[in-house]
Amino acid sequence: MPPASPKPRELTSQKSCTLVFIDECGLGSQLLKGLRRDNQEVITVKVGTYFTQVNESLYTINPQQSNDYEALLNELRAQQKLPETIVHLWNVTPVTQTQSGLAGVEEAQETGFYSLLFLAQALGKQNLSEQLPITIVSNNMQSVTGEEVLSPEKATILGPVKVIPQEYPNISCRSIDVVVPAAGSWQQEKLTEQLLTELRAPISEQLIAYRNHNRWRQSYEAVRLEQSLEEKPRLREEGVYLITGGLGGIGLVLAKHLAKTVRAKLILTGRSTFPAREEWDSWLETHDQTDSTSSKILKVKELEELGAEVLVISADVANLAQMTDAIAQTQKHFGQLNGVIHAAGVPGGGVIQRKTEEETERILAPKVKGTLVLEASLKEVELDFLILTSSMVSILGEFGQVDYAGANAFLDVFTHHKTSEQNSFTLCINWGAWQEVGMAVNTARPKQLQESYIENLQQGILPKEGIDVLMRLLGSKLSQVVVSPTDLPSLLKQHHSDSGLLSQLEKTNILKPKHPRPELSIAYVTPRNEIERKFANILQQLLGIEKVGIYDNFFELGGDSLLSIQVALKAKQTSLQIMPNQLFEHPTIADLAAVAVTLQTINEENMEVENISYSQSSKTEDYTPSDFPQANLTQTELDKFLTKINRKD
Ligand SMILES: NC(=O)c1ccc[n+]([C@@H]2O[C@H](COP(=O)([O-])OP(=O)(O)OC[C@H]3O[C@@H](n4cnc5c(N)ncnc54)[C@H](OP(=O)(O)O)[C@@H]3O)[C@@H](O)[C@H]2O)c1
């Protein structure tokens, strides 16, 4: 791809603040000099053991402590130095020190994925409304030339890069991957200038890489997959194949195909316990067919009727001891192992603002740790193929799927790492949603999205289409393929122009109030002013409740993160501005009315200024921008606004 130069933004004469999470490779310190030359006030943050201010412009925080990120931003707010730009360089690490594989994976998440997650959560609590670009610089994460020593464990950061902007409409993110030149070299100087040029430009592309002075951006090319000349490419008659997540929706479809076509010997693994073979009949007698274990037993029996031999093993793919044991059982039972399909996975779900590390870990584990465990436990085994089932969510991102997007992004980059290191066939398939089977069908969705989701799923991949694609891919030499049932370029464009979900929610019809107000611990209190009345109307309609009192808790009444976005969207239509995540901090109408900004756009002196007024404000003089945290105004803008209000008064 030819290099493209970003259009430099005109430098502002006004000093603005940049927050730099600085690396230990010297790249950040070079950037600092350039940023200061650009008239930026720069605050740097280093990895430390606790939150502390080292000097006027340097802090340390412990990356594992979400509170430290909050403390940092609170401190910056107190000093009126909340950043207008953030540059995150904690994923720039010395290549020699990079510990790939299981040993380095946790550390990489702390300074990578979790650092961005905690940063977004802390920013969410600041209720900023101005645009905030975050540039995340990493090294050796993307395969561009094919010659890089890759660190796939860093790739989970692509989850936050894609999903933060979808959940926080005022934040934009881009990932810039580099190879760090020697300190003090002219190449380092050149790269620093290139990064500075990027930072001066608004974010227009999410994934960028610099290699040998060339700028690369990720794009996708449509491929036509011809039917393979071989009837069963890469498959052996009675071959031995391990499918992790093999009793899941997609796992069983693939197992059936292998049973039918080559009478495969199959090892199907999952975490759930599965009855021993001698207990199957009594299980089926005592449970009806809707029981999930019964249905799995019947499916396994069907595989055996088709000519397969099946070994079901309970093993967590993220547990090295369990997987080593599973491989040993396989070797003992079948004498060999010819191919692996890694289909274990857990669907994500839940907005960043409310994510806990524990929930996130559950989603990351099967794909990130699980893949590395497979690599470790299979190092002595020569495979005909290793297939990783990734998802289009790693490409497009999806609201509420930061962990799932990150987990699948790891699979994508791991594939390139594996392919560059070994001559074995590793294939990563970024599937779009499957119809009829699997997690896309079985995952419960919030009620407001369920209808349109089911409609969209009708365009999903049918199991027989999935099999057809897989067989064509097995006959190809491709290492990563996105299987998109709808036109990928249009999807990418749509995701870039809006979050997709936001427009979907905007189109969602407001539910009419249906239910009386439930019994609550608090008595109903009627709205006291126009703003509270507006919020009461919005909540009543969205929650489907006849009367919502000003002290009723939005979440107790059935509100959730998606509804919070709808509240923000509907509020905007009535000229009230709140950010969706403000509902987490201010879940009652009384609280919301106190923090909501009344919008009125004026065009003054050829400059668009967003005018604000506070409903409950009584004082009209001596304001500072920190009195209006949501607006993130400069003193000049605030003065203008106050003059305007005073004039009105
Ligand atoms: N369905 C889709 O539309 C779709 C689209 C794109 C990508 N994918 C990917 O395709 C793969 C298969 O998806 P699916 O739709 O078949 O999902 P599924 O029906 O939910 O099956 C996933 C299976 O993975 C197993 N599993 C989860 N965590 C595990 C762990 N730590 N160790 C071992 N097994 C584990 C689960 O069994 P236990 O609970 O017993 O462990 C389950 O049987 C997933 O990786 C998914 O991300 C699916």
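The values are calculated or read from the model by the stated rules, or taken from the named source; none is laboratory data. From a predicted model like this one, the values you see are computed outputs, not experimental measurements. Every residue, glycine among them, receives a Cβ derived from its backbone with ideal geometry; neighbour counts consider all protein chains shown. For accessibility, only protein heavy atoms count, side chains too; no ligands or nucleic acids. Shrake-Rupley method; radii C 1.70, N 1.55, O 1.52, S 1.80 Å.
For segment 37-104, which strands (runs of 3 or more DSSP E) that fit wholly inside it have 2 or more residues that are open to solvent by 50 Å² or more (accessible area, probe 1.4 Å)?
Of the strands (runs of 3 or more DSSP E) lying wholly inside segment 37-104, those with at least 2 residues that are open to solvent by 50 Å² or more (accessible area, probe 1.4 Å) span 40-47, 52-55.
Considering segment 110-154 alone, what residues qualify as being touching a Ser or Thr at 6+ places or on another chain (Cβ under 9 Å) and part of a loop (DSSP other than H, G, I, E, B)?
Correct list: G112, Q131, N140, M141, Q142, S143, G146, E147, E148, V149, L150, S151.
In this structure, does L386 turn out to be in contact (Cβ under 8 Å) with a residue 12 or more places away in the chain, farther than 21 Å from P366 by Cα and more than 9 Å from the ligand (Cβ to nearest atom)?
Spelling it out, it is not the case that L386 is in contact (Cβ under 8 Å) with a residue 12 or more places away in the chain, farther than 21 Å from P366 by Cα and more than 9 Å from the ligand (Cβ to nearest atom).
Hey, among the residues in segment 394-430 that are touching a helix residue (DSSP H, G or I) at 6+ places or on another chain (Cβ under 9 Å), within 20 Å of Q218 (Cα to Cα) and away from the ligand (no atom under 15 Å from the Cβ), which one's most open to solvent (accessible area, probe 1.4 Å)?
H416
Within segment 270-299, how many residues are part of a helix (DSSP H, G or I) and either in contact (Cβ under 8 Å) with a residue 40 or more places away in the chain or not assigned by TED's automatic domain parsing to the domain that holds L252 (or both)?
The qualifying residues number 2.
Considering only residues that are outside any helix (DSSP H, G or I) and either touching a strand residue (DSSP E or B) at 6+ places or on another chain (Cβ under 9 Å) or not assigned by TED's automatic domain parsing to the domain that holds C25 (or both), which ones fall in segment 155-187?
Residues satisfying the conditions are Y168, N170, I171, S172, C173, R174, S175, I176, D177, V178, V179, V180.
Would you mind telling me which numbered condition in (1) surrounded by fewer than 24 Cβ atoms within 10 Å (Cβ to Cβ); (2) of a type outside the set (S, T, Y); (3) within 30 Å of S490 (Cβ to Cβ) R362 fails?
Among (1) surrounded by fewer than 24 Cβ atoms within 10 Å (Cβ to Cβ); (2) of a type outside the set (S, T, Y); (3) within 30 Å of S490 (Cβ to Cβ), R362 violates only (3).
Table: residues versus (1) of a type outside the set (D, E); (2) more than 25 Å from S424 (Cβ to Cβ).
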site: E237; (1), (2): no, no
site: K256; (1), (2): yes, yes
site: P275; (1), (2): yes, yes
site: S282; (1), (2): yes, yes
site: T290; (1), (2): yes, yes
site: V300; (1), (2): yes, yes
site: G307; (1), (2): yes, yes
site: D316; (1), (2): no, no
site: K332; (1), (2): yes, no
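Find the residue count for segment 362-413, including only residues that are within 14 Å of I327 (Cβ to Cβ) and among the aliphatic types (A, V, I, L, M).
Looking only at that region, the number is 7.
Suppose we filter segment 229-257 for residues that are farther than 24 Å from N442 by Cβ, open to solvent by 10 Å² or more (accessible area, probe 1.4 Å), in contact (Cβ under 8 Å) with a residue 12 or more places away in the chain and out of contact with any Asp or Glu (no Cβ under 9 Å at 6 or more places or on another chain); how many remain?
4
If you scan segment 427-475, which residues turn out to be modelled with pLDDT of 90 or more and either among the aromatic types (F, W, Y) or in a strand (DSSP E or B) (or both)?
Within segment 427-475, L427, C428, I429, N430, W431, W434, I461 qualify.
With respect to the numbered conditions (1) surrounded by 15 or more Cβ atoms within 10 Å (Cβ to Cβ); (2) more than 28 Å from L258 (Cα to Cα); (3) away from the ligand (no atom under 12 Å from the Cβ), which one is the sole condition not fulfilled by L474?
Looking at each condition in turn, L474 falls short on (2).
Kindly provide the set of residues from segment 551-593 that are closer than 17 Å to I171 by Cβ and part of a loop (DSSP other than H, G, I, E, B), ordered by number.
Result: I578, M579, P580, N581.
Pick from L254, L247: which is within 16 Å of the ligand (Cβ to nearest atom), within 34 Å of the chain's Cα centre (by Cα), assigned to a loop (DSSP other than H, G, I, E, B) and within 23 Å of L462 (Cα to Cα)?
Result: L247 is the single residue among L254, L247 that is within 16 Å of the ligand (Cβ to nearest atom), within 34 Å of the chain's Cα centre (by Cα), assigned to a loop (DSSP other than H, G, I, E, B) and within 23 Å of L462 (Cα to Cα).
Restricting to segment 337-379, and then to whatever is assigned to a helix (DSSP H, G or I) and among the small types (G, A, S), can you tell me which residue is farthest from the ligand (Cβ to nearest atom)?
Only one residue fits best here, namely A376.
Which one is modelled with the lowest pLDDT, of the residues in segment 510-531 that are in a loop (DSSP other than H, G, I, E, B) and touching a helix residue (DSSP H, G or I) at 6+ places or on another chain (Cβ under 6 Å)?
Here the residue is I510.
Out of (1) more than 28 Å from A407 (Cα to Cα); (2) in contact (Cβ under 8 Å) with a residue 60 or more places away in the chain; (3) in contact with a strand residue (DSSP E or B) (Cβ under 7 Å, 6 or more places away or on another chain), what's the single condition that is false for M141?
With respect to (1) more than 28 Å from A407 (Cα to Cα); (2) in contact (Cβ under 8 Å) with a residue 60 or more places away in the chain; (3) in contact with a strand residue (DSSP E or B) (Cβ under 7 Å, 6 or more places away or on another chain), M141 is out only on (1).
Just need a number here: residues in segment 431-440 that are open to solvent by 60 Å² or more (accessible area, probe 1.4 Å) and either within 8 Å of the ligand (Cβ to nearest atom) or not assigned by TED's automatic domain parsing to the domain that holds Y404 (or both).
So the answer is 1.
Among the candidates G159, G146, which residue alone is within 15 Å of V413 (Cβ to Cβ) and surrounded by fewer than 21 Cβ atoms within 10 Å (Cβ to Cβ)?
Testing whether each residue is within 15 Å of V413 (Cβ to Cβ) and surrounded by fewer than 21 Cβ atoms within 10 Å (Cβ to Cβ) leaves just G146.
Which one is farthest from the ligand (Cβ to nearest atom), of the residues in segment 319-336 that are crowded, with 16+ Cβ neighbours inside 10 Å and more than 16 Å from T273 (Cα to Cα)?
Checking each candidate, the answer is F334.
Okay, residues lined up against (1) of a type outside the set (F, W, Y); (2) within 21 Å of V180 (Cβ to Cβ); (3) touching a Gly at 6+ places or on another chain (Cβ under 6 Å):
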{"position": "I22", "(1), (2), (3)": "yes, yes, yes"}
{"position": "S29", "(1), (2), (3)": "yes, yes, no"}
{"position": "L35", "(1), (2), (3)": "yes, yes, no"}
{"position": "N39", "(1), (2), (3)": "yes, no, no"}
{"position": "I43", "(1), (2), (3)": "yes, no, no"}
{"position": "G48", "(1), (2), (3)": "yes, no, no"}
{"position": "T52", "(1), (2), (3)": "yes, no, no"}
{"position": "L58", "(1), (2), (3)": "yes, no, no"}
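Pairs only if they're at least six apart or on different chains, beta carbon under 8 angstrom, first in segment 340-359 and under 26 Å from A315 (Cβ atoms) and among the β-branched types (V, I, T), second part of a loop (DSSP other than H, G, I, E, B) and away from the ligand (no atom under 12 Å from the Cβ); list them, first residue then second.
Cβ pairs passing all conditions: V340/L378; V340/L383.
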